[in-house]
1. Which of (1) more than 18 Å from the chain's Cα centre (by Cα); (2) surrounded by 20 or more Cβ atoms within 10 Å (Cβ to Cβ) does A249 not meet, given it meets every other one?
2. If I308 satisfies every condition in (1) open to solvent by 80 Å² or more (accessible area, probe 1.4 Å); (2) in contact (Cβ under 8 Å) with a residue 12 or more places away in the chain but one, which is the exception?
3. So T261 clears everything in (1) polar (S, T, N, Q); (2) open to solvent by 60 Å² or more (accessible area, probe 1.4 Å); (3) in contact with a Phe, Trp or Tyr (Cβ under 8 Å, 6 or more places away or on another chain) except one condition, right? Which one?
4. Could you please let me know if Q282 is of a type outside the set (V, I, T), modelled with pLDDT under 95 and open to solvent by 10 Å² or more (accessible area, probe 1.4 Å)?
5. Quick one: count up the residues across region 102-113 that are surrounded by fewer than 17 Cβ atoms within 10 Å (Cβ to Cβ) and more than 12 Å from the chain's Cα centre (by Cα).
6. Checking the structure you have, find out if any residue of region 92-101 is buried (at least 21 other Cβ atoms within 10 Å of the Cβ), small (G, A, S), in a strand (DSSP E or B) and touching a strand residue (DSSP E or B) at 6+ places or on another chain (Cβ under 8 Å).
7. Looking only at region 1-35, count every residue that is in a helix (DSSP H, G or I) and surrounded by fewer than 16 Cβ atoms within 10 Å (Cβ to Cβ) and tell me the total.
8. Any residue at all in region 291-298 that is touching a residue at least 40 places away in the same chain (Cβ under 8 Å) and surrounded by fewer than 21 Cβ atoms within 10 Å (Cβ to Cβ)?
Amino acid sequence: MLVKIKPSKSWKDCNTHFIKAVKDEWYKSLVEIENMISKYTMLFYIDKGLKMMHLPITTGSISSPMGLGSDSLPVKVNLSGCDTYLADSMQFALEYGCRFFEKGAWYIMPSFRGEKEDERHLSQFYHSEAEIPGTLDDVINLVEEYLKYLCVNILEEYEEKIVEIAGTTEHIKRFINLKEVPRVTFNEAINILEDNEKYITHSEYGFRNITKTGEKALMQYFEGFVWLTNFDSMAVPFYQATINDGKIAKNADLLIGIGETVGAGERHETGDEVRKSLDMHQVKEGYDWYIKMKDIYPLKTSGFGMGIERFILWLTKQDDIRDCQILPRFNGVNIIP
């Protein structure tokens, strides 16, 4: 079917964007999709028994610290003379929430990153995150149920408009009909990709990672959707639990659409495990409260974070995440409103 609705790129002129967007079919559709994601997220978790938490957007404990395994830059601000950070995630607070709610906690909130915006990255984006008591397998299953629930309900309510934007909904229906998303470990992925330097990087510290080109190649190999699991532990932040004497992380990235859209992981259960991991990742401060929580209330939890704008990219078959903000925000630019 012929695509009828395309992003207008009006965000390229931030002075006039907010006027043009009101009458723009892409942005009118975008806010409808955002609303449906929020609505059906809440309904999904009500059914699952997870409870929503109201959390601050400032934190002294960013979840991607400037240590080994960090993949983001923190956003530091000064509030009335006090240095703090805008949250890049409130995962740690959701772990805290699991000490209140036996089935887990969730939220949808903005997250802030210090990187420059491009086709794949926003400096401010919306995060759908949840944490549950349980293992990595438990949270992977939760993510698959959640995304299928969103897809089923969005199609039921909005399929005609999705077709006008994406030209098809077959990619969504294929995902819904999967019994389970394929999984591949990082070591298995290296063999599939033949350890090609276009796809796999090797750090001076001895750990490996995957490039965006590598993510694309894996998605092609697995026909659109794959969980990439068990990275080198030093390639991910300190809070991920490990196996194989601490060498391999109990983590998983869901590759779909533009690439990594969901990041999931099992957390360290005890304070001593966190202390050891902080030392390995060369992170020195900011997490005393987190360690103390696990000393006093040890609990095995796992969680995930989904970038909502990345999910929308896949849903609508688009390729530039900057099209997915109704009111754009770019680091270093004062944008009104």
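1. For A249, the failing item is (1).
2. (1)
3. (2)
4. yes
5. Of the residues in region 102-113, 2 are surrounded by fewer than 17 Cβ atoms within 10 Å (Cβ to Cβ) and more than 12 Å from the chain's Cα centre (by Cα).
6. no
7. Qualifying residue count for the region: 8.
8. Scanning region 291-298 turns up at least one residue that is touching a residue at least 40 places away in the same chain (Cβ under 8 Å) and surrounded by fewer than 21 Cβ atoms within 10 Å (Cβ to Cβ).
The values are calculated or read from the model by the stated rules, or taken from the named source; none is laboratory data. Quantities reported herein were computed from a predicted structural model and do not represent experimental measurements. Glycine gets a Cβ as well: all are built from the backbone with ideal geometry, and neighbour counts include every protein chain shown. Each accessible area value is taken on the protein alone, full model and side chains, heavy atoms only, with ligands, DNA and RNA left out. Shrake-Rupley method; radii C 1.70, N 1.55, O 1.52, S 1.80 Å.
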